[in-house]
Amino acid sequence: MFHVAKPEDIKSGKVTDVYFQRTVEALRNHGIRKRVLAEVRATSLPEGYEWAVLAGVEEVAELMSGVPATVRCLPEGTLFSHEPVLTIEGEYTDWGVYETALLGLLCQASGVATKAARCRVAAGDRTLISFGARRMHPALAPMIERNAYLGGCDGVAVIASAELLDLPASGTMPHALILVVGDPVEAFRLYQQAMPAGSPIVCLVDTLGDEKFEAVAAAEALGRSLSAVRLDTPGSRRGDMRQILQEVRWELNLRGYDYVKLIVSGGLDEQEIVRLNEFADGYGVGTAISNAPTINFALDIVEVEGTPFTKRGKMSGRKAVQRCLKCGVTRVVPEPEKSRHTCGGDLEDLLQPLTREGAVVRDLRPVTELREYVLGQLGRK
């Protein structure tokens with residue numbers, strides 16, 4: 001058996017920390033049914049992060065569908081820092097057991113989307129592909145790659161993930177093909193023959209020999225049908241990847257293969273991407289995205305039976321999250337405070353209904369639209 005929770009276990013509230021279940025039992029045993037308002041916000045962002053991308057909202061809608069509570073949240077794909085991203089209102093005994101699952105859905109998805117967005121900013125307009133599914137449990141691959149794409153990746157490698165996104169799967173070729181065939185050039189030709197018509201041909205050029213010589217051999221063998229070469233040099237053989245890229249670019253250009261692009265993979269993050277940008281045309285990023293730091297969301301009750309009330313260290317009462325449509329500044333104010341921003345711009349309320357007493361009331365946008373929404377906000381960064 002695979003060690004994963006069944007959807008029905010998540011929906012039934014079984015995937016929860018046991019103390020939430022015992023709390024609900026204790027309240028019900030004594031007939032205590034109070035209506036509360038809770039908010040979710042990031043207690044901290046990963047070191048060096050000034051913003052994050054909200055993701056996981058579509059799964060939260062699935063989780064809370066049928067639960068008699070009202071959920072409001074920021075639009076999926078919204079950039080945020082420490083403002084509330086979601087509120088839930090209803091009798092605590094109706095929804096308390098869902099806290100663990102709700103936070104889990106938001107924390108990991110937002111972490112993946114945020115790291116992808118940071119890599120997107122670093123890569124500029126260069127190609128960015130999610131390669132990290134093999135680093136995580138396979139049951140999580142569709143979730144990881146959906147949110148990698150939402151955060152700004154151009155494509156994903158896993159077939160099931162691509163089908164979820166209604167995209168063609170993106171990839172190059174593995175070392176396995178070259179090793180089984182035994183000759184890089186013959187492997188390049190076989191790979192070309194196996195690819196669907198019109199698909200870009202990207203050859204791996206570091207399996208048996210020097211990267212620049214295998215790159216030239218691939219270009220000579222495939223000519224104009226070769227779109228790019230990929231460098232995935234193992235750490236035990238890797239010198240300065242930037243220098244290697246420069247050499248490969250030089251040798252290809254010298255022979256008239258300036259149309260062949262250079263794709264890099266293997267141990268990349270946003271800092272390394274910036275260092276390689278001068279010579280790289282694209283990146284396959286794996287572990288940095290799939291094992292991205294989670295966003296540390298916490299859920300806290302801030303109102304009980306209509307009265308502001310919360311634990312120490314938190315701010316009580318219901319709040320509005322408003323973003324200026326002119327300058328993009330976000331502020332948190334007591335609800336229902338209304339005004340214009342100091343720049344004169346109109347303020348948009350970001351906390352909008354997602355579910356109302358168990359019914360999903362928001363039009364859940366396609367992930368392609370969410371990605372464009374993220375990219376538009378990243379243009380300000």
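Find the residue count for the stretch 276-313, including only residues that are in a strand (DSSP E or B) and either closer than 26 Å to residue 104 by Cα or assigned by TED's automatic domain parsing to the domain that holds residue 249 (or both).
13
Among (1) in a helix (DSSP H, G or I); (2) basic (Lys, Arg); (3) in contact with a strand residue (DSSP E or B) (Cβ under 9 Å, 6 or more places away or on another chain), which single condition is residue 331 missing?
(1)
Of all the residues that make up the stretch 123-134, how many are modelled with pLDDT under 95, in contact with a Gly (Cβ under 6 Å, 6 or more places away or on another chain) and surrounded by fewer than 21 Cβ atoms within 10 Å (Cβ to Cβ)?
Of the residues in the stretch 123-134, 0 are modelled with pLDDT under 95, in contact with a Gly (Cβ under 6 Å, 6 or more places away or on another chain) and surrounded by fewer than 21 Cβ atoms within 10 Å (Cβ to Cβ).
Given the residues 210, 281, which is the only one that is acidic (Asp, Glu) and without any contact (Cβ under 8 Å) to a residue 24 or more places away in the chain?
Result: 210 is the single residue among 210, 281 that is acidic (Asp, Glu) and without any contact (Cβ under 8 Å) to a residue 24 or more places away in the chain.
Which one is farthest from residue 15 (Cα to Cα) among residues in the stretch 106-122 that are among the hydrophobic types (A, V, I, L, M, F, W, C) and crowded, with 24+ Cβ neighbours inside 10 Å?
The qualifying residue farthest from residue 15 (Cα to Cα) is 119.
Are there any pairs, at least 6 apart or on different chains, whose C-beta atoms fall under 9 Å, with the first in the stretch 1-13 and farther than 22 Å from residue 94 by Cβ and the second not basic (Lys, Arg) and not in a loop (DSSP other than H, G, I, E, B), and if so, which?
2/138; 2/139; 3/139; 4/139; 4/140
Read through the list (1) within 29 Å of the chain's Cα centre (by Cα); (2) over 25 Å from residue 152 (Cβ atoms), then give the number of the only condition that residue 243 fails.
Every listed condition holds for residue 243 apart from (1).
Do we have any residue at all in the stretch 48-60 that's under 30 Å from residue 116 (Cβ atoms) and at pLDDT below 95? Break it down stepwise before answering.
Our first condition is that a residue be under 30 Å from residue 116 (Cβ atoms); within the stretch 48-60, this holds for 48-60.
Still in the list and also at pLDDT below 95: 48.
So far as the stretch 48-60 goes, yes, one or more of its residues are under 30 Å from residue 116 (Cβ atoms) and at pLDDT below 95.
Need at least 2 residues that are among the β-branched types (Val, Ile, Thr) per element, so show me which helices (runs of 4 or more DSSP H) inside the stretch 173-237 make the cut, counting only ones lying wholly within it. I'd like the intermediate steps shown before the answer.
Values: elements: 175-181, 184-194, 211-222.
Those helices (runs of 4 or more DSSP H) span 175-181.
Just one of (1) surrounded by fewer than 19 Cβ atoms within 10 Å (Cβ to Cβ); (2) in contact (Cβ under 8 Å) with a residue 60 or more places away in the chain trips up residue 143, so point out which.
(1)
Scan the stretch 196-207 residue by residue and report those that are more than 15 Å from residue 261 (Cβ to Cβ) and surrounded by 13 or more Cβ atoms within 10 Å (Cβ to Cβ).
The answer is 206, 207.
Where the second residue is in a loop (DSSP other than H, G, I, E, B) and among the small types (Gly, Ala, Ser) and the first is farther than 20 Å from residue 308 by Cα and touching a residue at least 40 places away in the same chain (Cβ under 8 Å) and lies in the stretch 320-340, which pairs have Cβ atoms under 8 Å and are six or more apart or on separate chains?
330/81
The values are calculated or read from the model by the stated rules, or taken from the named source; none is laboratory data. Please read all numbers here as calculations on a predicted model, not as lab measurements. With ideal geometry, Cβ positions are generated from the backbone for all residues, glycine too; neighbour counts draw on all protein chains shown.
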